[in-house]
Structures are given as structure tokens and as C-alpha cells.
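Only the coordinates and a few stated rules stand behind these numbers; no lab work does. All values reported here derive from a predicted model rather than from experimental measurement. Cβ sites come from the backbone with ideal geometry, for glycine too, and all protein chains shown count toward neighbours.
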Amino acid sequence: MERLLEVAQLRVSFPSESGPVSPVEDVSFDVHAGEIIGLVGESGCGKSLGALALMGLAGPTATVSGSARYGGIDLVTAPQKELERLRGRDIAMIFQDPLSTLNPIMTIGAQIAEALHLGAERRQSSQQIQKTCVSLLSEVGLPQPAARLRAYPHELSGGMRQRAMIAMMLAREPALLIADEPTTALDPTVQAQILALLKRLRQQRGAAILLITHDFGVVAQTCDRIAVMYAGRIIETAPVEDIFFRPRHPYTAGLLRARASLGGGERPLEPIPGIVPPPGGRPKGCSFEPRCALARPECRLSAPLLTGDAHKFACHAPLPARYSRPAEPARSLAWPVA
Ligand SMILES: Nc1ncnc2c1ncn2[C@@H]1O[C@H](COP(=O)(O)OP(=O)(O)O)[C@@H](O)[C@H]1O
Ligand code: SF4
Ligand SMILES: [Mg+2]
């Protein structure tokens with residue numbers, strides 16, 4: 001399958017009083033054209049920062065290294081002007097906080113119309129544009145969509161703003177959409193609507209989607225492949241069925257046992273003991289070692305490398321290939337969304 005984005009050894013560091021710290025330490029994964037790949041992991045693992053770094057938005061104090069190849073361009077070294085051009089057209093990002101994207105002094109309708117102008121519908125008449133805006137707002141489940149076109153962001157509730165921003169990003173018809181916790185703040189019905197919309201964007205327009213979430217329910221419903229992130233590294237990546245039924249990394253297996261609760265409000269089913277180590281305080285060997293029931297002496301000595309083909313994992317003592325979670329062999333992938 002054609003690789004749309006190839007991320008290799010992405011690292012994001014910041015200066016600190018005790019020397020540079022790297023919340024994103026070593027991130028490598030590919031996004032294939034037309035697929036939905038889920039990036040999962042507990043809060044504080046570096047998912048959002050990694051995505052922002054790909055877009056050239058990690059901030060002025062960040063040092064970004066490694067590479068992220070998109071259509072012959074390395075997003076890590078590309079000049080800001082080139083990144084701005086890509087962000088306007090090819091790559092769109094949905095942020096957790098809609099206010100960071102919406103312009104407070106422009107109506108929702110004007111902002112979606114502007115996004116349509118950047119997307120494929122450039123030659124539409126103003127009447128057609130208005131119609132498309134209304135249909136986009138109704139697709140994201142915004143009540144009274146025609147009236148909302150004249151509203152300013154502050155006149156909408158948080159959930160409505162989130163949906164307006166999603167409509168704006170869909171209007172651009174990006175080749176790659178990076179969606180960072182796009183449905184976390186939304187109620188389950190709207191959440192399901194938005195996930196269906198993302199799937200449709202992929203089906204109808206062939207867009208690839210990098211879906212960042214702490215919620216395994218969301219990835220089960222939406223993704224083709226999953227990359228699991230822990231303490232600044234990708235520690236396992238595989239097709240969705242392999243991750244759910246044949247996880248090889250003890251952290252992935254732990255997340256599955258604690259699913260629906262990685263960073264959200266619900267009580268864990270079986271929480272992973274301990275916490276994600278902060279960027280400045282990670283162990284020398286495997287970062288998961290202090291929390292891992294399967295740790296061996298060598299796990300303290302060196303960080304395992306990510307190896308494998310379609311199913312990659314980074315662990316000195318992986319779970320057996322035929323391991324399946326014994327308590328839930330017959331459970332369907334369509335778990336309820338948290
Ligand atoms: N601008 C920054 N300066 C220093 N540390 C940062 C900065 N941005 C993010 N971090 C650190 O990066 C780590 C990962 O954060 P984040 O990417 O938001 O995690 P996630 O999205 O997985 O919850 C956190 O420990 C956070 O404090
Ligand atoms: S390398 Fe060792 S400590 Fe790390 S996850 Fe694997 S078994 Fe556990
Ligand atoms: Mg985040």
C-alpha cells in the first residue's frame with residue numbers, strides 16, 4: 001500500500017533547568033493512503049506533541065529531529081512557508097480545543113466557506129457554497145445549521161464549536177487528516193456521528209486519517225491499524241485485530257485490560273499499576289519496566305528496539321504470538337464507546 005506519511009525517529013526536545021528533556025523520544029510509524037490509523041496511549045505519552053511537531057507547530061522552544069516524509073517533502077526540515085501551504089491544503093488537523101482553530105471574529109459560515117475555498121470546491125457559486133456549508137454543519141450534527149452560519153464561535157457551546165471546527169476541516173477535503181481526541185468532549189451519540197463521518201471521508205475521498213485517542217472503544221470502531229505510544233516512543237504497531245486479540249507488548253495488553261479508562265473519567269476495569277514516567281524521569285532501560293509484571297533484569301539495561309514487519313513491537317520479553325486474552329476470547333471488536 002502506498003505510504004502517504006513516513007515518520008522515522010521523530011524526537012521533540014525542550015530545554016529545562018536540568019538539561020534538555022524529550023517528551024517525544026523516538027517515534028516511527030507510517031500512514032498508508034486511505035487508511036485510518038489510531039495513535040493510542042495514556043495521557044502524557046507525547047501523542048499531541050508528536051502530532052504538533054509533524055505540523056511544524058511544536059513551538060519556538062522545541063528542537064525537532066528525525067524525519068517525516070510526506071510526498072517527497074520532509075516535514076521536519078521543510079521551511080515554514082511550505083508547511084503553511086501544506087497545512088492549508090493537503091494536511092488538516094482537528095485539535096482537542098476548538099478555540100485554537102476557530103477565528104473569534106469571523107462567523108462560522110465565513111470560516112467554513114474559507115475552508116471550502118482551500119478544498120476541492122473552489123469554483124462553487126456563493127449560493128452553492130452556502131448550501132454546502134449547511135449540509136456540512138448538518139452532517140456533523142449541529143442543530144439548526146442554516147442559522148448557525150451567522151453565529152460567531154462564542155455564541156456556540158463547547159460541543160457545538162468542536163463540531164463546527166470538524167466541519168471546517170472536512171470542508172478542506174485533506175489528503176491527510178490528523179484528529180487529536182476529536183470526540184472526547186462530545187456525548188456518545190454525537191461521537192458516533194463524528195466517527196462515521198471520518199470513515200466516510202476516508203471511503204468517499206480516500207483521505208488518510210491519523211486518529212489520536214486514549215479510548216480503545218473509538219479505535220475499535222474506526223481504525224485499520226493501531227500504533228501504541230508509551231513515554232515518548234511507539235512500542236507496538238499492527239493491524240487492529242492483532243492489537244486487540246494478539247498483543248505482544250505487555251503495555252498494550254495492560255491498556256486492553258484497563259480499556260475505556262486510559263485518561264477519561266470512567267473507572268478502570270483493571271488499571272495498570274503506577275504512572276507514566278515524566279519526560280525528565282524515565283528509566284534508562286525500558287520505560288515501562290517499573291510497571292511491568294514481566295520485567296527481566298535486562299529490561300533495566302537497554303531500551304528495546306521496535307522490530308517486526310506488519311506487527312512491530314519493542315519488548316525484550318514479548319507475550320507469545322498465540323497469546324489471546326483468556327477472559328474475553330469471544331468479545332466483539334465493537335465495544336461500547338466510553
Ligand atoms: N512546550 C512544551 N514544553 C515542555 N514540555 C512539553 C511541552 N509540550 C508538551 N510537553 C510535555 O510533553 C509531554 C507529552 O504531552 P502530550 O503530547 O500533551 O501528551 P498526550 O497527548 O499523549 O497526552 C508532557 O509531559 C508535557 O508536559
Ligand atoms: S522490555 Fe521488559 S519491562 Fe519492557 S515491556 Fe518488555 S518485558 Fe516489560
Ligand atoms: Mg493529547
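Brief remarks on what is shown
- Where only C-alpha atoms are counted, convex hull volume of the chain per residue in Å³: 143
- Dipole magnitude (debye, nearest 20) for the range 100-173, charges at Cβ of Lys, Arg, Asp, Glu: 60
- Cα-based Rg and Dmax for the range 1-104, where Dmax is the largest Cα-Cα distance (Å): 14.1, 45
- For Gln204 and Ala147, a Förster radius of 30 Å and the Cβ-Cβ distance give a FRET efficiency of 0.65, rounded to the nearest 0.05.
- Each other residue within a Cβ distance under 14 Å of Ile73 adds +1 if Lys or Arg and -1 if Asp or Glu, for a net charge of +1.
- ³J(HN,Hα), Karplus 6.51/-1.76/1.60, whole Hz, each residue of the range 23-32, x for Gly, Pro: x, 9, 9, 7, 10, 10, 6, 10, 10, 8
- In this label model, Arg85 and Ser157 are separated by 4.3 nm, measuring between points 7 Å along each Cα→Cβ vector.
- Karplus (6.51, -1.76, 1.60) ³J(HN,Hα), θ = phi - 60°, over the range 151-164, in Hz, Gly and Pro reported as x: 7, 9, x, 5, 7, 9, 6, x, x, 5, 4, 4, 5, 5
- Exposure proxy order (Cβ contacts within 10 Å, fewest to most) of Asp309, Asp187, Asp74, Asp224: Asp309, Asp187, Asp74, Asp224
- A simple rule links phi to the HN-Hα coupling: the Karplus curve 6.51 cos²θ - 1.76 cosθ + 1.60 with θ = phi - 60°, which for the range 72-81 gives x, 10, 8, 5, 6, 9, 5, x, 3, 4 Hz, with x for Gly and Pro.
- Of Ala179, Phe288, Ala317, farthest towards positive along the dipole that unit charges on Lys, Arg, Asp, Glu beta carbons give the chain: Ala179
- At most 16 other Cβ within 10 Å, DSSP loop - GluC sites (Glu not before Pro), the range 70-176: Glu121
- For the chain, a simple Cβ point-charge model (Lys and Arg +1, Asp and Glu -1, everything else neutral) yields a dipole of about 280 debye relative to the Cα centre.
- Share antiparallel - DSSP beta bridges, the chain, percent rounded to 5: 55
- Whole-percent pair-distance distribution, where bins are 10 Å wide, for the alpha carbons of the range 100-173: 23, 60, 17, 0
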